1. Could you list all residues from the range 180-204 that are over 16 Å from MET162 (Cβ atoms), at pLDDT 95 or above and open to solvent by 40 Å² or more (accessible area, probe 1.4 Å)?
2. Determine which member of the set ARG81, ARG33, ARG71, ARG45 is more than 30 Å from ARG289 (Cβ to Cβ) and of a type in the set (D, E, K, R).
3. For the range 258-300, what are the residues that are part of a loop (DSSP other than H, G, I, E, B) and either under 18 Å from the mean Cα position of the chain (by Cα) or more than 18 Å from ARG332 (Cα to Cα) (or both)?
4. Which residue is nearest to GLY339 (Cα to Cα), if the candidates are limited to the range 382-391 and must be out of contact with any Phe, Trp or Tyr (no Cβ under 9 Å at 6 or more places or on another chain) and open to solvent by less than 20 Å² (accessible area, probe 1.4 Å)?
5. Check whether at least one residue in the range 628-643 is touching a Lys or Arg at 6+ places or on another chain (Cβ under 6 Å), within 22 Å of GLU699 (Cα to Cα) and surrounded by 23 or more Cβ atoms within 10 Å (Cβ to Cβ), and report yes or no.
6. Need at least 3 residues that are more than 25 Å from the chain's Cα centre (by Cα) and farther than 27 Å from LEU276 by Cβ per element, so show me which strands (runs of 3 or more DSSP E) inside the range 326-387 make the cut, counting only ones lying wholly within it.
7. For the range 205-244: of the residues being of a type outside the set (A, V, I, L, M), touching a strand residue (DSSP E or B) at 6+ places or on another chain (Cβ under 7 Å) and assigned to a helix (DSSP H, G or I), which is surrounded by the fewest Cβ atoms within 10 Å (Cβ to Cβ)?
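The values are calculated or read from the model by the stated rules, or taken from the named source; none is laboratory data. Please read these numbers as outputs of a predicted model, since none were measured by experiment. Using ideal geometry, Cβ is built from the backbone for each residue, glycine included, and neighbour counts are taken over all protein chains shown. The protein model used for the area step is the full one, side chains on, heavy atoms only, and it has no ligands, DNA or RNA in it. Shrake-Rupley method; radii C 1.70, N 1.55, O 1.52, S 1.80 Å.
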Amino acid sequence: MTVTATRTGLRDGLRIEVHGVVQGVGFRPFVYRTAVACGVQGDVRNAGGHVIIRVYGPEGAVAAFLDRLVRDAPGHAQVDRVETAPLDGWRPEAGFQVLDSARVEGGGRDMPPDLATCASCLRELFDPADRRYRYPFINCTDCGPRATIVADLPYDRARTTMARFPMCAGCAAEYHDPADRRFHAEPIACPACGPQLSWWAGGAERGTRDAALSAAVETVAGGGLVAVKGIGGYQLVCDATDGVAVARIRDAKHRPTKPLAVMIPDLDAAARLADLDAAELTLLTSAARPIVLARSRAGGALAAGVTAGLPETGLFLPYSPLHHLLLGALGRPLVVTSGNRAGEPIAIESATARRVLGPLVDGVLDHDRPIHSRYDDSVARVVAGAPRLVRRARGYAPRSLPLPVPTPEPLLAVGAQLKHTVALAAGDRAVLGPHIGDLENAETLAAFEESVARLGRLRGAYPRVVAYDAHPGYLSTRYAAAHFPAGQRLAVQHHHAHVAAVAAEHGLPEPFIGIAYDGLGFGDDGTFWGGEVLLAGYTGYRRIGRFGRAPMPGGAAAIRRTARMALGYLFGAEDLGAAPPVSLAADLLARLDVREVATVRRMVERRINAPLASSAGRLFDAVAGLLGVADDSAYEGEAAIRLEAAAAGYPTPSALRWRLVERAGLWVYDPVPTLTDVLERAGEPAGLVAARFHTTIAEVTVALAAQVDSPNRTVCLGGGVWQNRRLATETVAALAAAGFQAHLGERVPVNDGGISYGQAVVAAAQLARR
């Protein structure tokens, strides 16, 4: 970014507003030091969510200051915009000052995510001579909690959960010393004045400070299960090498097969557990410290139950001082997973954690610094050479994202149902809130409503319009109807939101080819979509192609019982000229209960509770069922994940049979020849056939894209199916070979976690063009 300032001389000062992520990242101390180095006078203060600077001095000194203001900004800052205006006749007092913050109403306020413990604080944490030796809440302007403790902006201690901890003389001296690393570090604390640990077992407090930490370490080392209060919520922790402890944690969370994340002390430990490439190492060591999904290394020390038979391990490094202390004392990999039961939001309040998690664990390692906002751990993987967020939460949210078309009034986007997030848009930016979970119970719905209220308060923007998913049964859709009148509601089609999110993140021009592959989304024709090809812009789209339809016997039951989806294709696949291969499915029919098969057949034939879906995700489920890879899914997408895992180790083979046909003005991929080929290859290893199926879908995607008459050869791949590393990598390469430029989400998940951002993008564009 370049900045052109109004000319200033010795008679005039200059007022500078810096917008972006400029609070909570050491920006005011940086401004102070830069001003002193450049020889200008004036002051700096936080105001709302931005920074206001007044400077006075020789023109060359002011110009140098402005140049360095952007060029040398702190690493965690994000300078989006710099505005300048003359201050005629203004003269400051001598020197440069950091002033008290000013409250400013209105939108456009950004705040930083939580930052992992920096190297300097880490050295102090383990230095016996330092006054913060082994203090679990050490931080500075370069690291520590941010979004999770902020109640309002501007970002000052008085508006964080640290307000209850008055600074001691030592901390106050550091806080006010411009030469100190903790100059205006709002969460500053030490053992004399800051938060403290406590250990709870058997419903009572059993120790504090070092004794509390020692009790937790001893419990985990002995094979126990501990709930730990982290940065953005409680976590369940156990020894990842102890099979019995891992089984206990699965039972406590009601999570029978979904893989568990593993925290390791350092990169050497990570290398023993996974094969990490350079991009994965960069992601793993970033200040965001996400969980990184990486290929497991054979012979690793983890208990088998951690990955549940999948070839990837979710690894992450310690990101708080407390995690560093735990890992340092235990010297082994730990399962560190969200402190909740399946389907519920992560616990953030001490009373809730002790009541809900206490009976499930051997002790709770608590502390008295309140968590203001719930932030789970982020999850990422490297796909096609670039990092991609699977779950956007701690370390990334609530950084704002661009809107291609600014919204004329603040708007709220309430997302979908699964992997739920909300977004709040004002001006040319949208804040995508952290992952909440699946909207399926009162607790998660309450967390959603809290997130909406907090986003509005922190952003300083109160929405007058709501964007929502067209599915009438979603709780988010019902929320929109209950809280906004009809004239202030905008429905955004699910798959349009998916591809618009990808296009907006990358700043792509209209029109673009959108290819949305996911489980389900409510379509314009009243059926469920999920294998869609769109010619899209930010305000609308035209459907060009789709996958062939099949019934979902039992509706949502077919998602959990994926063998039913296989039967749905066998008994009722859309007639596109090829008969479903029922006679070839002897293995599937033989291993299923004859009564289940008969019931499903009747449902399909009579069209009873068997909604039609043109879904890529459901086709992956069906192939997993036909190959015997997975007949059930204990969590969303499990069958498809296991199908990808089965294909691992097989180099890209030739495709299965496939074809496109024209129906009612659309190009339709007929999956029946593909499924027939799957069954005819009964003599091949299931993994090889699974690999062939992935190649097939990549080829089909290129062929469908080629049917779109578009002046741009830009393709946006959106929807949860594109989390499949193998499919995404093959498809991006195949599209490139065919002359297309393919884009996937990076900062925004391609799954339903990105839907709210896509809704905000579409709604903003529609509002602007009314």
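1. Selection gives TRP200 alone.
2. Details: ARG81 fails: more than 30 Å from ARG289 (Cβ to Cβ); ARG33 fails: more than 30 Å from ARG289 (Cβ to Cβ); ARG71 fails: more than 30 Å from ARG289 (Cβ to Cβ).
Residue meeting the stated conditions: ARG45.
3. Selection gives LYS258, PRO259, LEU260, ALA261, LEU276, ASP277, SER286, ALA287, ALA288, ARG289, PRO290.
4. VAL382
5. No, the conditions are met nowhere in the range 628-643.
6. So the answer is 363-367.
7. ARG209
Listed here are the residues, each with its yes/no results for (1) among the acidic types (Asp, Glu); (2) within 14 Å of GLY230 (Cα to Cα).
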| position | (1), (2) |
| --- | --- |
| LEU281 | no, no |
| SER286 | no, no |
| PRO318 | no, yes |
| LEU322 | no, yes |
| GLU344 | yes, no |
